[in-house]
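Dropping a structure here in structure tokens format, bear with me for questions.
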Amino acid sequence: MAMKFDVFNGGERNNYVHLAREGDFSGQFWSIGHDGAWLRLTTQFRGEGMCLDITNGGPLDNFAALTPCGNYSGQFWKMREEGGWYRLTTHGSRARAASTAC
């Protein structure tokens with residue numbers, strides 16, 4: 001069973017991301033845009049105005065969610081190849097998203 005990075009739609013975790021079974025869902029289609037030397041990640045589901053960000057504080061500290069795009073360090077990403085895998089890191093957070101296969 002293939003799992004994809006997807007976006008919660010509604011409820012207390014609205015706009016947070018999680019792994020979900022593969023399907024034809026717009027929250028599983030991601031766009032990678034460039035902002036200078038950094039990357040910004042958006043989904044077909046929420047559009048170009050909502051960027052992948054890292055929650056700063058609270059019970060969901062360091063969880064990833066889509067938030068309105070802005071000049072926030074948690075929305076600026078780097079992708080680094082390590083031995084055939086890619087590691088995503090943010091500009092200003094201790095958090096590190098899961099590595100994914102190439």
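For region 39-62, how many residues are under 20 Å from Arg80 (Cβ atoms) and in contact with a Ser or Thr (Cβ under 9 Å, 6 or more places away or on another chain)?
Within region 39-62, residues that are under 20 Å from Arg80 (Cβ atoms) and in contact with a Ser or Thr (Cβ under 9 Å, 6 or more places away or on another chain) number 7.
On the basis of being farther than 22 Å from Ala2 by Cβ and of a type in the set (A, V, I, L, M, F, W, C), does Trp77 make the cut?
yes
For region 1-48, name all the residues that are of a type in the set (D, E, K, R) and in a loop (DSSP other than H, G, I, E, B).
Glu12, Arg13, Glu22, Asp24, Arg46, Glu48, listed by residue number.
Right, something else. Go through region 35-61 and give me each residue that's surrounded by fewer than 17 Cβ atoms within 10 Å (Cβ to Cβ), modelled with pLDDT under 95 and over 14 Å from His91 (Cβ atoms).
Gly57, Gly58, Pro59, Leu60, Asp61
Moving on to the next point. For residues in region 62-93 being modelled with pLDDT of 95 or more and in contact with a helix residue (DSSP H, G or I) (Cβ under 8 Å, 6 or more places away or on another chain), which is nearest to His34 (Cα to Cα)?
Per the criteria, the residue is Cys69.
The values are calculated or read from the model by the stated rules, or taken from the named source; none is laboratory data. Please read all numbers here as calculations on a predicted model, not as lab measurements. Every residue, glycine among them, receives a Cβ derived from its backbone with ideal geometry; neighbour counts consider all protein chains shown.
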